[in-house]
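**Student:** I have a structure here, written as structure tokens, and I will follow up with some questions on it.
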Amino acid sequence: QREGRPIKIEGNDLSSLTNGGTSAQCQSSVLDLYDTTRLRYPQANGKEATFEAIDKMIAAGMATNAVKPVVLLTSSVTSPTTKQIISEFLAKYPGSRHVQYDAVSYSGMILANQASYGKKAIPAYHFENAKVIVSFGADFLTTWLSPVVFANQYSQNRRIDEDKPAMSKHYQFESHYSITGANADERYLHKPSETGAVALALLGALGGGTSSNISGQVAEGIKKAAAELSANKGAALVVCGSNDPNIQIIVNAINEAIGAGGKTIDWGTPVNYRQGIDADIVALTDDLNAGNVGALLVYGANPAYSFFNADKFIAGVKKCPFTVSYSEKMDETTELCKYVIPSHHWLECWGDAELQTGYFSVLQPIIHP
């Protein structure tokens, strides 16, 4: 910061996860702080109001409409303190619930892990422990899950010197060009609809008793990848960018076959930054349209823009008698809400976060709201 104003985001060198790295999205977040379209005052039915007045309106609205279930709709919450506050708030309203919605969904992975391991979460991945990496469309160096962490891990085995003459081997099977694919040792292109068949073919090549109709260069690539994975059991990793739980279950079976658990996949420290389940937002949309929600409180989520069935969600919000949005800007979902309260930018906030189980961070403001 310069003269009390944040101007540049720097990574935290003390973080054992990022080692001081940041993403383009993180770097650009400082621009949102100075966005002239940010909301400055609360609004009630499209008109500006004071915080004192809006508090009374919301208190009255909750008292009237909380006879039906109250739903708090947010993006994935990583703050332990915020989760406790949410839990205490919802406990006051029987039948109420918290729905987490991620615009970029990893619901398929979460549900697949629940089916495979009984754990409704996403594990930590350790690319630095892998001598062989196979990716089915997961752009883990740029966009998939946690690219800052993964790029740092990946690079450790991609440098050759006298002390470490061997380099990890990276196979990429994908349907479009990606930064991760550009860095792969061997890259194979297939149709988007063939992702499941390619994964089945690899599981079969590893002795999983499955088969598929994949042929040509992709089939040759699968044979080579299977041979490398088999030769490096316990030091290999397979990841997949699909949001289909069925495909992710196949990938889980592949990782079991190559002994990835406990070596390149760590269930001791699962990640918390993707918790949304697609079925939950679908159910909420149905409940809104059926008139089964008394109050909808929205914070950090914009399904009216990014949800695949946005029209139905918008229609449902319009039917809800009491809607409140806590938002920095007048986004598509906030425009639908009767009451709007400006939320703070993360550089203006106190807070905490547990992005990965056991790894805690503290947020400290560096400028007044």
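**Student:** If Rh is defined by the Kirkwood formula over all Cα pairs and Rg also comes from Cα, what ratio Rg/Rh do you get for the range 222-322?
**Tutor:** 1.20
**Student:** Need the full-extension length gain, SER28 to LYS8, defined as separation in residues times 0.36 nm minus the C-alpha distance. One decimal, nm.
**Tutor:** 6.3 nm
**Student:** Quick one: helix 147-156 against the long Cα principal axis of the chain, what's the angle to the nearest 10°, folded into 0 to 90?
**Tutor:** 20 degrees
**Student:** Give me the percent of the accessible area of the range 154-268 that comes from carbon and sulfur atoms, probe 1.4 Å, all protein chains in place.
**Tutor:** The computed percentage sits at 50.
**Student:** I'd like the Karplus ³J(HN,Hα) series for the range 185-201: coefficients 6.51, -1.76, 1.60, θ = phi - 60°, whole numbers in Hz, and an x wherever there's a Gly or Pro.
**Tutor:** 6, 9, 10, 10, 9, 9, 5, x, 6, 9, 4, x, 5, 5, 5, 4, 5
**Student:** Also, quick follow-up: I need the phi-derived Karplus couplings for the range 249-264: 6.51 cos²θ - 1.76 cosθ + 1.60, θ = phi - 60°, integer Hz, Gly and Pro marked x.
**Tutor:** Once rounded to whole Hz, the list reads 5, 4, 4, 4, 5, 5, 5, 5, 5, 9, x, 6, x, x, 10, 9.
**Student:** What is the distance in Å between the Cα centres of the range 346-360 and the range 117-191?
**Tutor:** When both Cα centres are located, 26 Å separates them.
**Student:** Same structure, new question: Packing-wise, with mean Cβ within 10 Å as the measure, how do 169-175, 35-41 rank, highest first? Present the calculation step by step, with values, prior to reporting the outcome.
**Tutor:** Details: 169-175: 22.6, 35-41: 11.0.
Most protected by this proxy first, the peptides run 169-175, 35-41.
**Student:** While we're here: Tell me, in nm to one decimal, what length is gained between SER155 and ALA121 on full extension, where the rule is 0.36 nm per residue of separation less the Cα-Cα distance? Don't skip to the answer; put the middle values down first.
**Tutor:** Details: separation 34, 0.36 × 34 = 12.24 nm, distance 2.60 nm.
The SER155-ALA121 span can extend by a further 9.6 nm.
**Student:** Also: What's the magnitude of the charge dipole for the range 286-346 around its Cα centre, counting Lys and Arg as +1 and Asp and Glu as -1 at the beta-carbon? Answer in Debye, nearest 20.
**Tutor:** 160 debye
**Student:** Multiply the residue gap between ASP352 and PHE51 by 0.36 nm, knock off their C-alpha separation, and tell me the result in nm, one decimal place. Could the numbers behind the result be given before it?
**Tutor:** Values: separation 301, 0.36 × 301 = 108.36 nm, distance 2.49 nm.
Contour length minus Cα-Cα distance gives 105.9 nm.
**Student:** Around VAL134, which amide H atoms from residues at least 5 apart in sequence, or from another chain, sit under 5 Å from its own amide H, with H modelled in the peptide plane?
**Tutor:** For VAL134, whose amide H was placed from the backbone, the distant partners under 5 Å are TYR171, LEU237, VAL238, VAL239.
**Student:** Under 5 Å between amide H atoms, partner at least 5 residues away or on a different chain: which partners does TYR101 have, H built in plane at 1.01 Å?
**Tutor:** Distant-sequence amide H within range of TYR101: THR74, SER75, SER76.
**Student:** Please work out the average accessible area per residue across the chain, using the 1.4 Å probe convention, and give it in Å².
**Tutor:** Details: 18510 Å² over 369 residues.
Value returned for the chain: 50 Å² of accessible area per residue.
**Student:** Which GluC sites (Glu not before Pro) in the range 10-56 sit in a loop by DSSP (not H, G, I, E or B) and have at most 13 other Cβ atoms within 10 Å of their own Cβ?
**Tutor:** For GluC sites (Glu not before Pro) across the range 10-56 that sit outside H, G, I, E and B with at most 13 neighbouring Cβ atoms in 10 Å, the list reads GLU10.
**Student:** Set Lys and Arg Cβ to +1 and Asp and Glu Cβ to -1, take the dipole of the chain about its Cα centre, and tell me which of SER215, ALA24, SER116 lies farthest positive.
**Tutor:** It is SER116.
**Student:** On to the next question. Which FRET efficiency, nearest 0.05, do ILE367 and SER87 yield, Cβ-Cβ r, R0 30 Å?
**Tutor:** 0.50
**Student:** Tell me, what is the FRET efficiency for GLU335 and VAL67 to the nearest 0.05, using R0 = 25 angstrom and their Cβ-Cβ distance as r?
**Tutor:** Between GLU335 and VAL67 the formula returns 0.40.
**Student:** Relative to the longest principal axis of the C-alpha atoms of the chain, give the angle of the C-alpha long axis of helix 107-117, reported between 0 and 90° and rounded to the nearest 10°.
**Tutor:** Rounded to the nearest ten degrees, it is 60.
**Student:** Could you give the nm distance between label points at ALA103 and ALA219, where each point is 7 Å from its Cα heading toward the beta carbon?
**Tutor:** Placing both labels 7 Å beyond Cα along the Cβ direction yields 4.2 nm.
**Student:** Can you tell me the orientation of helix 51-65 relative to the chain, as the angle in degrees between its alpha-carbon axis and the longest Cα principal axis, to the nearest 10?
**Tutor:** With rounding to tens, the tilt is 80 degrees.
**Student:** While we're looking at this one, here's another question. Quick one: work out the % antiparallel among DSSP beta bridges in the chain, nearest 5.
**Tutor:** Among the beta bridges of the chain, antiparallel pairing accounts for roughly 30 percent.
**Student:** Something else now. Of ALA226, ALA184, PHE150, which is farthest along the charge dipole of the chain in the positive direction, counting Lys and Arg as +1 and Asp and Glu as -1 at C-beta?
**Tutor:** ALA226
**Student:** What does the highest-first list of 130-140, 54-64 look like by mean Cβ count within 10 Å? Each step should come with its number before you reach the end.
**Tutor:** Numbers: 130-140: 24.5, 54-64: 14.3.
Result, highest mean Cβ count within 10 Å first: 130-140, 54-64.
**Student:** Can you match Kirkwood radius over Cα pairs in Å to one of these, (i) 26.3; (ii) 22.8; (iii) 25.6, based on a calculation from the structure here?
**Tutor:** The value matching this structure is (ii).
**Student:** While we're looking at this one, here's another question. Percent of accessible area on the range 273-369 owned by carbon and sulfur, 1.4 Å probe?
**Tutor:** Ligands and nucleic acids excluded, carbon and sulfur give 55 percent.
**Student:** Could you give the size of the charge dipole of the chain about its Cα centre, using +1 on the Cβ of each K and R and -1 on the Cβ of each D and E, expressed in debye and rounded to the nearest 20?
**Tutor:** On the way: 30 positive and 36 negative charges, 92 e Å.
With only Lys, Arg, Asp and Glu charged at Cβ, the dipole is about 440 debye.
**Student:** How large is the dipole of the range 191-350 about the Cα centre if only Lys and Arg carry +1 and Asp and Glu carry -1, each at its Cβ, rounded to the nearest 20 debye?
**Tutor:** Working: 11 positive and 16 negative charges, 56 e Å.
Computed about the Cα centre, the dipole is about 260 debye.
The values are calculated or read from the model by the stated rules, or taken from the named source; none is laboratory data. For clarity, every value in this text was computed on a predicted model and none was experimentally measured. Cβ sites come from the backbone with ideal geometry, for glycine too, and all protein chains shown count toward neighbours. SASA here: full protein model, heavy atoms, side chains in, ligands and nucleic acids out. Shrake-Rupley method; radii C 1.70, N 1.55, O 1.52, S 1.80 Å.
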